[in-house]
1. For region 132-145, name all the residues that are away from the ligand (no atom under 13 Å from the Cβ) and either surrounded by 12 or more Cβ atoms within 10 Å (Cβ to Cβ) or in contact (Cβ under 8 Å) with a residue 24 or more places away in the chain (or both).
2. Do you know which of the residues in region 146-166 that are assigned to a loop (DSSP other than H, G, I, E, B) and small (G, A, S) is surrounded by the most Cβ atoms within 10 Å (Cβ to Cβ)?
3. If C45 meets every condition in (1) within 13 Å of F84 (Cα to Cα); (2) assigned to a helix (DSSP H, G or I) apart from one, which number is that one?
4. On the basis of being within 22 Å of the chain's Cα centre (by Cα), within 13 Å of the ligand (Cβ to nearest atom) and more than 30 Å from K52 (Cβ to Cβ), does A163 make the cut?
5. Pick from L118, L51, L85, L59: which is more than 19 Å from G14 (Cα to Cα) and either more than 14 Å from the chain's Cα centre (by Cα) or acidic (D, E) (or both)?
6. Report, by residue number, each residue of region 208-238 that is of a type outside the set (A, V, I, L, M), touching a residue at least 40 places away in the same chain (Cβ under 8 Å) and surrounded by 14 or more Cβ atoms within 10 Å (Cβ to Cβ).
7. Test L188 against the stated conditions and say whether it is at pLDDT 95 or above, aliphatic (A, V, I, L, M) and under 16 Å from Q47 (Cα atoms).
Amino acid sequence: MNTPEEKAFFLENGYLHAKGVLSPEMLARTQSEFDRVWEAEGSPCNQHKLLKHEHFINLIEHPPILDRHAAMFGRQTQLLQYDFLRQGPQSKSPERGWHRDFSHRGDHPVSINTILYLDDMTEDRGPTRVVPGSHRGEDWPPAGQRDKPLPNEVAVHAAAGDAVFINSAIWHSGGRNNTDGLRRGIYLYYGYWWLKRYDAQQTLAWQALENASERRLRLLGVKMPDRDLHMYDPRLTF
Ligand SMILES: O=C(O)CCC(=O)C(=O)O
């Protein structure tokens, strides 16, 4: 998180809405690259497809995103998952889909997802919803209520180019797209270097590894952040 206030808000509430993470030019480029790559690669579009394309290789190091993860995970920051989020017009999905992405005992986050929005999350487009503070403890959203509004939910009305950072343990839900347009976003999910990617058995695209800086190799989990985990100094900066 970029300031002590952002960090305190994130640790207390389990999420942070960061405005203007993409400049207008970068947003326009990202929208057109999203449409092009979606067309070329087909669904689902995850790290194995996105990391073949220069724009999306560079996006994993975009400072307003990466700096906030590095403020939590330091040099141990690793990209765990990378996905397109795309809902067509007039979706028939349920009103809510409450879940946790990942939970781990303890208050400190072990992984954080970024939802980077490429369309305005108006009420009609179905904003992401969170239950502030629900990242603590071990409870899951109540069974039987998972497709319905919850009393303490907060809708994050993000604009295109904004991002929401969520502790992966927070109860959250996507929304239903009731507009005639698309609902587009990108998930950039980071966590500690010692977490294994779910699909770690599959080698990442060579395009992301070729001529990569040491920092990018660390971010992709193919270069160690330090000499040895036991000797690791958590104060090392990215
Ligand atoms: O679609 C959204 O707004 C977020 C959904 C989400 O984060 C998830 O399904 O894990």
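1. Going residue by residue through region 132-145, those that are away from the ligand (no atom under 13 Å from the Cβ) are 132-140, 142-145.
If the condition is that a residue be away from the ligand (no atom under 13 Å from the Cβ) and either surrounded by 12 or more Cβ atoms within 10 Å (Cβ to Cβ) or in contact (Cβ under 8 Å) with a residue 24 or more places away in the chain (or both), then P132, G133, S134, H135, R136, E138, W140, Q145 are the ones that fit.
2. Kept after step one, since they are assigned to a loop (DSSP other than H, G, I, E, B), are these residues of region 146-166: 146-153, 157-162.
Add one more test, that the residue is small (G, A, S), and what stays is 158-161.
Values: A158: 23, A159: 14, A160: 18, G161: 21.
Result: A158.
3. For C45, the exception is condition (2).
4. Details: within 22 Å of the chain's Cα centre (by Cα): yes; within 13 Å of the ligand (Cβ to nearest atom): yes; more than 30 Å from K52 (Cβ to Cβ): no.
No.
5. Values: L118 fails: either more than 14 Å from the chain's Cα centre (by Cα) or acidic (D, E) (or both); L85 fails: either more than 14 Å from the chain's Cα centre (by Cα) or acidic (D, E) (or both); L59 fails: either more than 14 Å from the chain's Cα centre (by Cα) or acidic (D, E) (or both).
Going through L118, L51, L85, L59 in turn, the sole match is L51.
6. The first filter runs over region 208-238 and keeps only residues of a type outside the set (A, V, I, L, M), leaving 210-211, 213-216, 218, 221, 223, 225-228, 230, 232-235, 237-238.
Filter once more, keeping what is touching a residue at least 40 places away in the same chain (Cβ under 8 Å): 215-216, 218, 221, 225-226, 232, 234-235, 237-238.
Listed by number, the residues that qualify are R215, R216, R218, G221, P225, D226, Y232, F238.
7. Numbers: at pLDDT 95 or above: yes; aliphatic (A, V, I, L, M): yes; under 16 Å from Q47 (Cα atoms): yes.
Yes; evaluated as a whole, the condition is true for this residue.
Here's the yes/no breakdown for (1) of a type in the set (A, V, I, L, M); (2) more than 16 Å from I60 (Cα to Cα):
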site: L116; (1), (2): yes, no
site: H135; (1), (2): no, yes
site: L150; (1), (2): yes, yes
site: V164; (1), (2): yes, no
site: I170; (1), (2): yes, yes
site: G174; (1), (2): no, yes
site: Y190; (1), (2): no, no
site: W194; (1), (2): no, yes
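The values are calculated or read from the model by the stated rules, or taken from the named source; none is laboratory data. Note that the structure is a prediction, hence the values are computed from the model and not measured. Neighbour counts run over all protein chains shown; Cβ positions are idealised from the backbone, glycine included.
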